Amino acid sequence: MKLFFIMILLHPSICLAQVWNSKNKWNQSYENEFRIWVQSIDKDIVITPESPYFGLGVDCADMVYLLKIIFAHKNNLEYITIDPRTNKKISNNTKKFNNLEKKDRLKAFLNYIFKRTSTVSLRDLHSYPIKIKEIKAGDIFHFEKIKNGNKVRHVVLILKVLENGNFDYIY
């Protein structure tokens, strides 16, 4: 028993720890900050060796989740999504990664989210319809098409709307 208490004292960063402590909640001000922030991100965030996110295997939906989660982490915002398979809440307050050092929790959380989410969950849980004329940086653009008899889904995060109406986007 004494050994257990000594371990807690020596390793407080792994004792019942969240992925990050959230002090703030999303609101319109943070949404506006996110819209500005995404315009300056490195599109090669997962393939640049110097990036802390280097090596994460992402698809189009994962990239959107990645950017929202990074922004939430940097701003101490609560991040919540729903696991579409279980319908249970997943948040940065999870204790699933207690066994990891603080520096490793975010990447583990990202991988956990990536395995449980998709373009469909992104569309159904984290987006809403807007008029094409109202699209701006930070919005999610989702589309589906039929290719060789199969439904193909894709999602991009709008980084900027160009003067000619085209989008600069990621993924």
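The values are calculated or read from the model by the stated rules, or taken from the named source; none is laboratory data. Just so it is clear, the structure is predicted and the values come from calculations on it, not from any experiment. Please note: Cβ atoms are built from the backbone with ideal geometry, for glycine as well, and neighbour counts cover all protein chains shown. The accessibility values were calculated without ligands, DNA or RNA, using every heavy atom of the protein model including side chains. Shrake-Rupley method; radii C 1.70, N 1.55, O 1.52, S 1.80 Å.
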> Can you tell me how many residues in segment 110-149 are farther than 19 Å from residue 165 by Cβ and assigned to a helix (DSSP H, G or I)?
Replying inline: 15
>> Among the listed residues 149, 138, 165, identify the single one that is in contact with a helix residue (DSSP H, G or I) (Cβ under 7 Å, 6 or more places away or on another chain) and on the phi > 0 side of the Ramachandran plot.
In response: 138
> If we keep just the residues of segment 58-88 that are at pLDDT below 95 and part of a loop (DSSP other than H, G, I, E, B), which is nearest to residue 137 (Cα to Cα)?
Replying inline: 84
>> Every residue in segment 108-135 that is of a type in the set (A, V, I, L, M, F, W, C), within 14 Å of residue 157 (Cα to Cα) and touching a helix residue (DSSP H, G or I) at 6+ places or on another chain (Cβ under 6 Å), please.
In response: 122
>> Can you tell me which residue is most open to solvent (accessible area, probe 1.4 Å) among those in segment 87-111 that are under 16 Å from the mean Cα position of the chain (by Cα) and of a type in the set (Lys, Arg)?
In response: 89
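Within segment 90-105, is even one residue part of a strand (DSSP E or B) and more than 24 Å from residue 169 (Cβ to Cβ)?
Initially, segment 90-105 is screened for residues part of a strand (DSSP E or B), giving 90-91.
Filter once more, keeping what is more than 24 Å from residue 169 (Cβ to Cβ): 90-91.
Yes, segment 90-105 contains a residue that is part of a strand (DSSP E or B) and more than 24 Å from residue 169 (Cβ to Cβ).
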> Among the residues of segment 32-85, which ones are among the polar types (S, T, N, Q) and touching a strand residue (DSSP E or B) at 6+ places or on another chain (Cβ under 8 Å)?
Replying inline: 39, 75, 76, 81
>> With the requirement that a residue be touching a residue at least 24 places away in the same chain (Cβ under 8 Å), open to solvent by 20 Å² or more (accessible area, probe 1.4 Å) and hydroxyl-bearing (Ser, Thr, Tyr), what does segment 43-77 give you?
In response: 53
> If residue 23 passes every condition in (1) open to solvent by 90 Å² or more (accessible area, probe 1.4 Å); (2) within 26 Å of residue 171 (Cα to Cα) but one, which one does it miss?
Replying inline: (2)
> Based on what the data block shows, is residue 133 farther than 22 Å from residue 38 by Cα and surrounded by fewer than 18 Cβ atoms within 10 Å (Cβ to Cβ)?
Replying inline: no
